[in-house]
Amino acid sequence: MLPSRLNFKLEAVATGSRARAATFRTLHNEVKTPLFMPVGTQATVKAQTFDTLLESGSQILLANTYHLLLRPGPEVFRKFGDIHRFTGWEKSFLTDSGGFQIFSLPHARSMGEEGAEFRSYVDGQKLMLSPEVSIATQMAIGSDIMMVLDQCIPSTADKATARAALEITQRWAVRSLAARGDSPQSMFAIVQGALYPDLRQESADGLTQLPFDGFAIGGLAVGEEKHQREDMCEVAAAMLPADRPRYLMGVGTPLDLLEAVHRGVDMFDCIIPNKVAQFGTAFTSRGILQLRRSVYKFSEEKIDPACGCPVCRKYSRGYLHHLTKTQEPLGWTLLGQHNIWFYHQLMREIRQSILEDRFLALYHAKRRFLQVEDMDHPAVPPKVGKERRPRTLGDYEVHVAEEGFASIRQVSSGEIMHSHTPPMVEAQALYVDQSGLAERLRLPADADAATAEPLVIWDLGLGAAANAMAAIRCYEAEAAKGPVRPLRVISFESDLDSLRLAMTHKNRFEYLRHSGPDALLARGTWKSRQFAGLEWELHVGDFWAKATEASARPDLVFFDFFSHKTDVACWRPAAFVELRRLLGDDRPVELFTYSASTAVRVALLNAGFHVAIGTGTGVKKETIVALTPGYATPCRYDLLGKPWLDRWRRSSAKFPEGLDEAARAALEARIEGHPQFGP
């Protein structure tokens, strides 16, 4: 490859790991890797000063081309000379290209080969963000490292969509290089390909033939599960040249950074350390502290006795608890300063361990506490004497799997909610990730959350509230990042004993340590005080009698009743016909369920739904997604096709139980004539 503008020098690679230590030089300073870059979207890191950032060890700050293009505008940077003279920051800036903002504003832009056309949230003017405009803006900004414009898509996208995004990103990369000309600024390309290793390889092969100064791994942390992100990070990093920096975009927690360094990544950015500080969260060597907790009200301890940051040297947990509870801006500033220092100190310790070839020992030691809640003041209250909470209530009991996670078992049927997978893991994968809930919640930057139409979820079979809480947590996580549309979760349940029992065992059902479930049981409704627009309502009784009492019809349905052996009526063809009637035809609705049975697929098709293959969960290789007519095309799900229809025709168990000959004949005719299978 051609020489890099960054003069990258690889200093060490850890034994038994791909962790690397290196140095490179930008136009403003020498940079030591691995490193974390605080996010200064608008040419400022929120609630921080440049002095505190410099003192904490920040080497590069990230700014965003999309936002700076709109305000203050490239003409301001040209007037001042560049972003360094404009801000007074003496070290490096990296500018993102605006590709992620294109992704996150799906309703406010149109995509084409030329670029993305969108309306400014500042003045409503229509603008075109092309590779040439992006690079010209970054050159005016004067960043040390520029990113090519790319098309970012959800990591869980289908392969055809992923390939199309990859190909346009490749073409835009070539145009970005040409637009840079002979500028001394460095430029990184972005490897795309979603979760498909062969597409990642194709993207890397094409980009590494071009004279880029570094390479980023894009399209992760946008919908995939943690293990998928880690696996794809390792695959993609191994494809990149050893003599260039490797940058994982938009990731993440301290543990995420540790895992990615282990897999060969050098550079990171994320809003997390400063954003969570706004709500009283601090990362420490003794685990994650939630300073909102009353246990810290009288605490004279420092945040982290092992930390040397100015905040830990001066302020008590009790004072920071007070600032957090009163929502004083100083609390955000101080905790953000500590968290950014913690991230940089982690990177310094990792670098030193690589240079001394002891990274693996540090890796295993750090993993034990980086995601643990406060080790000194655990939130689980200790048991008193021999007192034990009852493990049964009504027809339910707490069941602890061999793997150690707890769920709820119905005594009369023996059926276990989430029998093979921890409740929140299954809820996240089956209902939140598969539905693309995070993506659906995001609002364009110029939209007003107060006037946006709410997204409505019908949660059929509340149980121990795992599915509803997974959706609520998703909303809270997205709302902490930026503007979101309102979310209304409407739960239905005939017997609340399962939730009441789980609520008495919050040490095992930690997701219930939240204000929502308590309020829901007490009042039947809950509205978040912290996140405006988040509501939860409960209807107790038979769903089919209570459905018309719901405050709104749904966009998404989580169909999670007990199985057909227990809740027989809920799984019969007539039930799905009635549900289809309740959903109406004025807007598309998507339904998700854990079932994988042919009988349920047939019942859904018979009711007029279109049926697709859902993600696997537990021991099931696949589940079911159902769509009402009018769903978006191309469909994001894998619809059943004629091969399935042919197998069904040959099946010895074609029909749901309890149908007479006439009903079977009518059902078969509807399946054969279903528009999903074409003429």
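Checking the structure you have, find out if any residue of the stretch 135-148 is surrounded by fewer than 18 Cβ atoms within 10 Å (Cβ to Cβ), under 20 Å from Thr41 (Cα atoms) and either aliphatic (A, V, I, L, M) or assigned by TED's automatic domain parsing to the domain that holds Val39 (or both).
The initial filter retains those residues of the stretch 135-148 that are surrounded by fewer than 18 Cβ atoms within 10 Å (Cβ to Cβ), namely 136.
From what is left, the residues that are under 20 Å from Thr41 (Cα atoms) are 136.
Then drop every residue that is not either aliphatic (A, V, I, L, M) or assigned by TED's automatic domain parsing to the domain that holds Val39 (or both), which leaves 136.
Yes; the residues of the stretch 135-148 include at least one that is surrounded by fewer than 18 Cβ atoms within 10 Å (Cβ to Cβ), under 20 Å from Thr41 (Cα atoms) and either aliphatic (A, V, I, L, M) or assigned by TED's automatic domain parsing to the domain that holds Val39 (or both).
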Residues of the stretch 207-232 being modelled with pLDDT under 90 and either in a loop (DSSP other than H, G, I, E, B) or in contact with a strand residue (DSSP E or B) (Cβ under 7 Å, 6 or more places away or on another chain) (or both), which ones? Gly218, Gly219, Leu220, Ala221, Val222, Gly223, Glu224, Glu225
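Would you tally the residues in the stretch 493-505 being touching a Pro at 6+ places or on another chain (Cβ under 9 Å) and either without any contact (Cβ under 8 Å) to a residue 40 or more places away in the chain or surrounded by fewer than 18 Cβ atoms within 10 Å (Cβ to Cβ) (or both)? Outline the logic, then answer.
Here is the first cut: in the stretch 493-505, the ones touching a Pro at 6+ places or on another chain (Cβ under 9 Å) are 499, 501-504.
Keeping just the survivors that are either without any contact (Cβ under 8 Å) to a residue 40 or more places away in the chain or surrounded by fewer than 18 Cβ atoms within 10 Å (Cβ to Cβ) (or both) gives 499, 503-504.
Total meeting the criteria: 3.
Is one or more of the residues making up the stretch 14-34 of a type in the set (A, V, I, L, M, F, W, C), more than 30 Å from Arg358 (Cβ to Cβ) and assigned by TED's automatic domain parsing to the domain that holds Met146?
We begin by selecting, within the stretch 14-34, every residue of a type in the set (A, V, I, L, M, F, W, C); these are 14, 19, 21-22, 24, 27, 31.
Next, only the ones that are more than 30 Å from Arg358 (Cβ to Cβ) stay: 27.
Right, trim to assigned by TED's automatic domain parsing to the domain that holds Met146 and you get 27.
Yes, the stretch 14-34 contains a residue that is of a type in the set (A, V, I, L, M, F, W, C), more than 30 Å from Arg358 (Cβ to Cβ) and assigned by TED's automatic domain parsing to the domain that holds Met146.
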Enumerate the helices (runs of 4 or more DSSP H) found wholly within the stretch 53-139, keeping only those where 2 or more residues are modelled with pLDDT under 95. 65-70, 99-104
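In the stretch 245-292, how many residues are among the small types (Gly, Ala, Ser) and not in a loop (DSSP other than H, G, I, E, B)?
Restricting attention to the stretch 245-292, the residues satisfying the condition of being among the small types (Gly, Ala, Ser) are 250, 252, 260, 264, 277, 280, 282, 285, 287.
Applying the additional criterion that residues be not in a loop (DSSP other than H, G, I, E, B) yields 260, 277, 282, 287.
Total satisfying the criteria: 4.
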Enumeration of residues in the stretch 260-282 that are among the aromatic types (Phe, Trp, Tyr) and at pLDDT below 95: Phe279
Among (1) part of a loop (DSSP other than H, G, I, E, B); (2) touching a Leu at 6+ places or on another chain (Cβ under 9 Å); (3) small (Gly, Ala, Ser), the one test that Ser491 misses: (1)
Being aliphatic (A, V, I, L, M), free of Cβ contacts under 8 Å to residues at least 40 places away in the same chain and touching a strand residue (DSSP E or B) at 6+ places or on another chain (Cβ under 8 Å) narrows Leu240, Leu248 down to just Leu248
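Going by what's in this entry, would Asp374 be described as surrounded by 14 or more Cβ atoms within 10 Å (Cβ to Cβ), of a type in the set (Asp, Glu), at pLDDT 85 or above and assigned by TED's automatic domain parsing to the domain that holds Arg293?
Details: surrounded by 14 or more Cβ atoms within 10 Å (Cβ to Cβ): yes; of a type in the set (Asp, Glu): yes; at pLDDT 85 or above: no; assigned by TED's automatic domain parsing to the domain that holds Arg293: yes.
It is false that Asp374 is surrounded by 14 or more Cβ atoms within 10 Å (Cβ to Cβ), of a type in the set (Asp, Glu), at pLDDT 85 or above and assigned by TED's automatic domain parsing to the domain that holds Arg293.
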Can we say Thr598 is farther than 21 Å from Ile613 by Cα and not charged (D, E, K, R)? no
Residue selected from the stretch 386-415 under the condition surrounded by 15 or more Cβ atoms within 10 Å (Cβ to Cβ) and β-branched (Val, Ile, Thr), by the criterion farthest from the chain's Cα centre (by Cα): Val398
Looking only at the stretch 5-51, count every residue that is part of a loop (DSSP other than H, G, I, E, B), within 18 Å of Ala237 (Cα to Cα) and not small (Gly, Ala, Ser) and tell me the total. 4
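Return yes when Arg580 is surrounded by fewer than 21 Cβ atoms within 10 Å (Cβ to Cβ) and of a type in the set (Lys, Arg) and no when it is not. So that I can check it myself, show each step before the final result.
On the way: surrounded by fewer than 21 Cβ atoms within 10 Å (Cβ to Cβ): yes; of a type in the set (Lys, Arg): yes.
Yes; evaluated as a whole, the condition is true for this residue.
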Flagged in the stretch 260-286 as over 19 Å from the mean Cα position of the chain (by Cα) and hydroxyl-bearing (Ser, Thr, Tyr), in numbering order, are Thr284, Ser285
Looking at the stretch 658-679, which of the residues that are surrounded by 11 or more Cβ atoms within 10 Å (Cβ to Cβ) and assigned to a loop (DSSP other than H, G, I, E, B) is farthest from the chain's Cα centre (by Cα)? Leu659
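The values are calculated or read from the model by the stated rules, or taken from the named source; none is laboratory data. The structure presented is a predicted model; accordingly, all values stated were derived computationally and were not measured. Ideal geometry is used to build each Cβ from the backbone, glycine not excepted, and the neighbour counts take in all protein chains shown.
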